[in-house]
1. Rounded to the nearest 0.05, what FRET efficiency do residue 175 and residue 417 give with R0 = 56 Å and r taken as the Cβ-Cβ distance? Could you check?
2. So how compact is the stretch 199-255: Cα radius of gyration and Dmax in angstrom?
3. When every alpha-carbon pair in the stretch 35-151 is counted, what percent end up more than 22 Å apart?
4. Could you check how much of the accessible area of the chain is carbon and sulfur, as a whole percent, using a 1.4 Å probe?
5. Hey, if we sort 367, 132, 416, 304 by accessible area with the 1.4 Å probe, largest down, what's the order?
6. Please compute one quarter of the surface area of the Cα convex hull for the chain and express it in square nanometres.
7. Restricting to DSSP H runs of at least four residues, report the calculated mean residue ellipticity at 222 nm for the chain, -39500 (n - 2.57) per run over all residues, nearest 500 deg cm²/dmol.
8. What do you get when you divide the Cα radius of gyration of the stretch 145-295 by 2.2 N^0.38 Å, with N the number of residues?
Amino acid sequence: MSAETVTISRLGAQGDGIAHTAEGPLYVPFALPGETVSVARVKNHGTLIALTAASPERQTPPCRHFGPDGVNGTCGGCALQHLQDVPYHAFKRDLVVEALRAKGITAEVDPLVIARPGERRRVVFSARRTEKELLLGFNQMETHHIVAISECPIAAPEIVGRLATIRAIGRALANTADSFRITVLETLSGLDLAFEGLKPLSEKQRRAGIETVLGQRGIARVSVNGEILVEPQKPLIDFGGVTVSPPPGAFTQATKPAEDAMAELVLAQIGKPKRIADLFAGTGTFALRLARVGRVHAVEADDKALKALDQGARNAQGLKPVSIEKRDLFRRPLTAQELKVFDAIVFDPPRAGAEAQVKEIARSGVKRLVAVSCNPLTLARDLAILIEAGYRLTRVTPIDQFLWSSHVETVAALYKV
């Protein structure tokens, strides 16, 4: 390890400051462009020791767990609390702009749809039982050390207000000193807690866990490693007026405002098609809203998520028919021939993107497409395939859902003349 002083030239895609040195780029967390910083260097990573010259764009972090000055950050839940709003929003938008440019795509990118504190309805905590308590919080950056939290400005007030309750339930269920995860989802009927990574529970522990949950208020369901332990209230989420009960630990958009913004864009760009394919449909975030426009065929690999979508559709009023298909679109994408019957396609894949499926979409000739993505790099790759096949990119909108992180969502619309 060696100490040196460097000047930061730009922010990297992960939110680290990057200094150009004789040995190559040096990545320095918590440093901002224009700053001169003293760092302890290990290969291409620098740990910030002190600020020699601070950027005028630096601000005091709103959360004390991030670090008092944004230099010695401890909690790894956020990466960019020390950056003022205007440059932070520009950074998020530029992630999309640069990803498209790298693939030779020139497109007008809309201003960022911003995220605000207190909007996160879905949070994944790290936890570990000690002799005295349950540590509950987030891992320190690049370590397995859990920083216990007493506040969290990104999380919904209902989650922050139940931290003591979550700790009590976690302590009742934790049966070793190993760390585990708790996914907390705020639903219409209370918090849904999904514990993952716990050892199998004894009958005594199950009873103690159930009694603890029933002694608390505001808890809809608790599951352990995918199995429901107790469900005082069926957890419900709302997809544009259609209620769905998601399976334990199911993927949901992290904030309701971002989900609503994405859905609004999808609906605005899709037009009024009679038949719509919703690929990687999950529990129905878009499918159930699209069903107010036209017939929807929802395709998803997760059987439990698909059943929740189907149940939601069956219990709703005023929807066009919704059909479902369990299918792994990575291993067996819908073929161009299968897709030809649709007037429009919406696809929202995981971070890996949808390369194999997009190649089939490109051959299908379906007129209207809307891509939703959480990874600008794989989105740009997939869009380049479609543009090469004759599709025109008509709108690109970046959406901030993970406040003060380096993650950005994007909705992109395409049309084939």
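1. Rounded to the nearest 0.05, the efficiency is 0.35.
2. In order Rg, Dmax, the Cα atoms of the stretch 199-255 give 13.2, 42 Å.
3. I get 51 percent for the Cα pairs in the stretch 35-151 exceeding 22 Å.
4. 51 percent
5. Highest to lowest solvent-accessible surface, that is 132, 304, 367, 416.
6. Projected over every direction and averaged, the Cα hull of the chain covers 21.5 nm².
7. Helices in the chain give a 222 nm mean residue ellipticity of -7500 deg cm²/dmol.
8. Taking N as the residue count of the stretch 145-295, the ratio is 1.21.
The values are calculated or read from the model by the stated rules, or taken from the named source; none is laboratory data. Please read all numbers here as calculations on a predicted model, not as lab measurements. Note: ideal-geometry Cβ built from the backbone for every residue, glycine included; neighbour counts use all protein chains shown. Remember, those area values only see protein heavy atoms, side chains included, never the ligands or the DNA or RNA. Shrake-Rupley method; radii C 1.70, N 1.55, O 1.52, S 1.80 Å.
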